[in-house]
Amino acid sequence: SVCPFHERGEEEEEDGKSPLQPCRAEQAFDTSSETHPPPTDGREERAEGARGPTEGGGPPGSSKDSCPAPPSRPTPPTSHPGKDTVIVAKVNGKELQGKPTFKWIKGKWLELGSKSGARFTFKESHDPASNVRTLWGRGGMGARAGGCTGPASQKAYSCSPTLREVVEEENKKKKKDDDDLGIPPEVWELLKGAKKSEYERIAFQYGITDLRGMLKRLKKAKVEVKKSAAFTKKLDPAYQVDKGNKIKLVVEISDPDLPLKWFKNGQEIKPSSKYVFENVGKKRILTINKCTLADDAAYEVVVKDEKCFTELFVREPPVLIITPLEDQQVFVGDRVEMSVEVSEEGAQVMWMKDGVEMTREDSYKAQYRFKKDGKRHILIYSEVTLEDKGRYRVMTNGGQCEADLIKQLEVLQDIADLTVKASEQAEFKCEVSDEKVTGKWYKNGVEVRPSKRITISHIGRCSLHDATGHCVPVGFLTTLPSLKLPRISALPPEPPKIHLDCSGKTSENAIVVVAGNKLRLDVSITGEPPPVATWLKEDQVWWDMPYALTFPSHSFLIESAERGDEGRYTIKVTNPAGEDVASIFLRVVDVPDPPEAVRVTSVGEDWAVLVWEPPKYDGGQPLTGYLLERKKKGSQRWMKLNFEVFTELTYESTNMIEGVLYEMRVFAVNAIGVSQPSVNTKPFMPIAPTSEPQHLMVEDVTDTTTTLKWRPPDKIGAGGIDGYLVEYCVEGSDEWIPANTEPVERCGFTVKNLPTGAKIVFRVVGVNIAGRSQPATLTQPVTIREIVEQPKIRLPRHLRETYVRKVGEHLNLVIPFQGKPRPQVVWTKGGAPVDASRVHVRTSDFDTVFFVREAARSDSGEYELGVQIENMKDTATIRIRVVEKAGPPEHVMVKEVWGTNALVEWQPPKDDGNSEITGYLVQKADKKTMEWFTVYEHNRHTCCTVSDLIMGNEYYFRVYSENFCGLSDLPGVSKNTARIVKTGITFKPFEYKEHDFRMAPKFLTPLPDRVVVAGYAAALNCAVRGHPKPKVVWMKNNMEIREDPKFLMTNYQGVLTLNIRRPSPFDAGTYSCRAVNELGEALAECKLEVRGEDARPALHPAFEPLRAPGGPCWAGLGSEPGRPSGL
């Protein structure tokens, strides 16, 4: 049996390192069944396994940071109960740098040490000769032990021998027999199903004496786990999936019709492209696509009241380095990019320089920045300095890589050979890229020191020396120049010569420079005596030029080239021996100018066409194409429309939002770069024309006109609709003639001046800001001819009865009719035409209007309307009645007076206001105060009896008439008065014995038990009698029902009703009604049962009679849905 490797050991094996060797355990035990005492002389009985190829050492090729292991592996030790077990492990310590530490572990986590008790003893010994450490562990250590950690690697390794305990079969059998206690199996089954109170009876019945042992055995009995009623197969406790993969969670339910819900961290999961639900038979499957770290959560399945749970662990794959860093050698001031490519986009990487982490917070100080481009991570130095050199490292959770950044020193100007006269000064000069670097001068290999004759200086990046020698900057080697010393005699004259070297020339003596860059040209000149140099540009001498001229070489320097610097430059050198001329053509290339005339020519529903003109100046390089951008008006965010250059001058932009204002711009691109953006286009809006109008049809046709009607288009869009244009075409012709020049807004139009009898096709188009829509055309041509239609009056319903108006109100009657051609309309009254001075009549093709500005009584009567077409005619009669207030009643008289009563009579008014008298208003007034008080309103008769007059007073009476318009303006006043005379008669009341009506409350009709349907209103009714009137209290389950909006209690003449609004099963129970007065109390009870809606009765329950001594009364229980129940 081989003990398993530790996780770290397996990982290192996969990385290519040598695998860890397992420890070896040795065990001593006696194979006999007797129990041996532990050794007391310090020696244990052991059986060692065979040694490996090297004593005490690991196999050849082991990694230096691995934990050396013994050469043999242990067999699983087996122990007998009651005997000691010894486990021995040996560790090879030759490759360990220090003393390791050891831990013994039992099971998975129980560490055995000094606090483990006397049962366990641990020892350790070291053999200096073989450098092998031996470990002893003795005692009843269970299933797992071992482990070592060493300071050399600071890693943990383990070996796990398993300790098994041997139990004899006869002991097992004996223990089983002991557990049974001699009780038959059928008795055990009886005990398992019995109640605890019956244990003693069963033990006495079957002769069981060990009652305590029986109870212990029952307590240990295995309880069967109740099977799930909803799930036949539940989720596993946990699932694991790699990031980006999909996983399926599957459960099986017992009934495929049961509703099932999935939850994630307590939130219900809805179906989507991420979460896919499947039903396959009784299986319910949840598929999670493209798992992310957000899907690492707890999931739950709910079926009715049962649930099952699981956990999903999303494992993030290690980020591997695909393309590592590379060493780079750069110069000071160069731009540096160090890039590394990893296996995952968006992965987190850590940059380190010389062991120190580089963060974004420090990037502003060190002048570097980080950039992510997909899977590439880039470290950028815009201008590298000497402090930036070092060793750079990139670390991920799956690996790391390193590279060195080395700074090189660049020689900008080397030492030039010189020829000087004796006793004249010789000056050597060299220039390097780093100002901090100092140089050493050498002459013929010997270092030159400063003296009175030799001066060495360091100015910026230049080192100067006045002697014969060479300069070597620190850390850099250069070629030694040769020094030519002439003879003392005078040199012969030499004509001047220009030694011109044009770097980067495209033709002879031509130089190309990018605008904004620095240009430096050193022109070497020879000649004796030293010549005089003159610079010219385009044959003009430049005296005030921004250039530096130095001798014996002339340096042509432009700090930042511009377009104006382009041209031909000439250097002319002269001395007495002659002259020399050289020309240089300087060409400055730049990014092009912005494109011109950028405009949008046409737009659609989601597109727009953009055109432009090329820039006037192409930057000296041919244009490679254009880049385009667009944005919403008011926004600052421009969106690129193309990533590859576009070579045409017309571009169609798509995927735009209709109704939104946009702006666009264009960039020109050449080999140098991208131009400035063009001027933005005017704001434009993608808008499409509407769809064609719908349901075009002919409404009317005459001899010269046709009336069309239609419905708006189905699709109008953000541009709306400005109106409609109607066009027609004579059959046989292709010319469409516009019927209207301006769009009409309503969905109807009458085309006039059409030729009679012609067949014409009509069409309608919708118009908006985007243009015309597709036309809607009639399928058949229309013949322009009048259609004869019989006249018919459509009399409104309110005019079929007498039309009543008040005097002074206007009369406005609109009566529609039909008929073609246009009929003749005539209004008459009493057979004669209506009075045109009072009645205004207006007639159209479809209706006629009868109008009177102020109605008078004379306008009442019967009017006749006639509509005629040739010999066809239709008539209608309209009855109009104009009413006003009636006159005052006549002959108001007091006919008779008796006691405190007076009889008043009158005659109807002469003028009833052309309306029926609906009643009279009677008022009285005391002669002393003359304050009027109403006695009767709406009195229908022409007489009335006024009662309750005060004795000793004298009264006047007046009467108003009332009709449809209201009370009359003037009343009729009585001519005589009613005088109530005082008399000396005294009234003696009749003596009688008062009857005692008092009685205690008594329920005449009890409360019957009821069964109602849930959700339908119900009522409980009973009848009670008592005097004084008893106080009634309703109770539910002996609890008083107070002001609860669910219950409504009424008491109508002793009939008590309790209305229950939409009862639920919770409202079922015992209801009681208690009536209490000073003579006693009475109680009536019933039971109310509320059933589900499926128990709704087919018929309404019949009402039951309630009888009282004064006569029968009726009450019942109603349960009609939507209506309150009661009497």
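The values are calculated or read from the model by the stated rules, or taken from the named source; none is laboratory data. Remember, it's a predicted structure, so these values are computed and weren't measured experimentally. Reconstructed Cβ throughout: ideal geometry from the backbone, glycine too, with neighbour counts over all protein chains shown. Quick note on the areas: whole protein, heavy atoms, side chains included, nothing else; ligands and nucleic acids left out. Shrake-Rupley method; radii C 1.70, N 1.55, O 1.52, S 1.80 Å.
Entry remark, the stretch 685-713: residues being within 20 Å of D606 (Cα to Cα) and either among the hydroxyl-bearing types (S, T, Y) or at pLDDT 90 or above (or both) number 4 in total.
The strands (runs of 3 or more DSSP E) found wholly in the stretch 436-553 and carrying at least 1 residues that are at pLDDT 80 or above and of a type in the set (K, R) occupy 439-443, 494-499, 532-537. A Cβ distance below 7 Å, combined with a sequence gap of six or more or placement on separate chains, defines the contacts here; from the stretch 862-873, residues that are closer than 13 Å to K820 by Cβ reach residues that are surrounded by 15 or more Cβ atoms within 10 Å (Cβ to Cβ) and among the β-branched types (V, I, T) in the pairs V867/I793; V867/V825. Pick from the stretch 982-1010 the residues that are part of a loop (DSSP other than H, G, I, E, B) and in contact (Cβ under 8 Å) with a residue 60 or more places away in the chain: which of them is surrounded by the most Cβ atoms within 10 Å (Cβ to Cβ)? Per the criteria, the residue is L1007. Of the strands (runs of 3 or more DSSP E) lying entirely inside the stretch 578-677, those containing at least 2 residues that are open to solvent by less than 70 Å² (accessible area, probe 1.4 Å) and of a type in the set (V, I, T) span 578-589, 596-603, 608-613, 662-670. Selection of the stretch 738-762 for residues being assigned to a loop (DSSP other than H, G, I, E, B) and touching a residue at least 24 places away in the same chain (Cβ under 8 Å) yields P743, C747, K752, N753, L754, P755, T756, G757, A758. Filtering the stretch 848-885 to residues that are part of a loop (DSSP other than H, G, I, E, B) and either touching a Cys at 6+ places or on another chain (Cβ under 8 Å) or of a type in the set (D, E) (or both) leaves E854, E870, E884, K885. Against the criterion of being assigned to a strand (DSSP E or B) and more than 30 Å from D606 (Cβ to Cβ), V765 does not qualify. A search for C-beta distances below 7 Å between a residue of the stretch 949-965 that is farther than 17 Å from K806 by Cα and any residue that is of a type in the set (D, E) and not in a loop (DSSP other than H, G, I, E, B), counting only pairs 6+ apart in sequence or on different chains, returns N953/D926; Y955/D926.
In the stretch 781-821, counting only strands (runs of 3 or more DSSP E) that sit wholly within it, the ones holding 3 or more residues that are over 30 Å from T707 (Cα atoms) span 803-806. Looking for whichever is open to solvent by 30 Å² or more (accessible area, probe 1.4 Å) and over 15 Å from V598 (Cβ atoms) here; the options are P693, P683, P689, P713. Which one fits? So the residue among P693, P683, P689, P713 that is open to solvent by 30 Å² or more (accessible area, probe 1.4 Å) and over 15 Å from V598 (Cβ atoms) is P689.
Checking each residue in the stretch 1051-1063 for being assigned to a loop (DSSP other than H, G, I, E, B) and open to solvent by less than 20 Å² (accessible area, probe 1.4 Å) picks out G1054, P1063. If you filter the stretch 341-355 down to residues that are open to solvent by less than 40 Å² (accessible area, probe 1.4 Å) and hydrophobic (A, V, I, L, M, F, W, C), you find that the one that is farthest from K389 (Cα to Cα) is A347. Of all residues in the stretch 1011-1029, those that are open to solvent by 30 Å² or more (accessible area, probe 1.4 Å) and part of a loop (DSSP other than H, G, I, E, B) total 4. On the stretch given as the stretch 761-808, residues that are crowded, with 18+ Cβ neighbours inside 10 Å and of a type in the set (S, T, Y) total 1. Restricting the first member to the stretch 795-808 and to residues that are over 18 Å from V852 (Cα atoms), and the second to residues that are assigned to a helix (DSSP H, G or I), no beta-carbon pair is closer than 7 Å while six or more apart or on different chains.
Output the residues belonging to the stretch 318-340 that are part of a loop (DSSP other than H, G, I, E, B) and open to solvent by 60 Å² or more (accessible area, probe 1.4 Å).
P318, L320, P324, E326, D327, R335
Filter the stretch 1032-1050 for residues that are surrounded by fewer than 14 Cβ atoms within 10 Å (Cβ to Cβ) and in a strand (DSSP E or B) and give the result.
As a first pass, look at the stretch 1032-1050 and keep what is surrounded by fewer than 14 Cβ atoms within 10 Å (Cβ to Cβ): 1037-1040, 1042-1046.
Correct list: M1039, E1040.
Just a yes or no: is a residue in the stretch 224-233 open to solvent by less than 100 Å² (accessible area, probe 1.4 Å) and free of Cβ contacts under 8 Å to residues at least 40 places away in the same chain? No: zero hits. For I406, the requirement of being touching an Asp or Glu at 6+ places or on another chain (Cβ under 8 Å) and either touching a residue at least 40 places away in the same chain (Cβ under 8 Å) or more than 28 Å from D522 (Cβ to Cβ) (or both) is met.
Selection of strands (runs of 3 or more DSSP E) fully inside the stretch 689-737 by the criterion of at least 1 residues being of a type in the set (D, E) and without any contact (Cβ under 8 Å) to a residue 60 or more places away in the chain returns 694-701, 723-730. Within the stretch 187-219, the set of residues being part of a loop (DSSP other than H, G, I, E, B) and open to solvent by less than 100 Å² (accessible area, probe 1.4 Å) comprises A194, G207, I208, D210. For the stretch 282-317, the set of residues classified as over 18 Å from N265 (Cβ atoms), at pLDDT below 85 and not in a strand (DSSP E or B) consists of K304, D305, E316, P317, listed by residue number.
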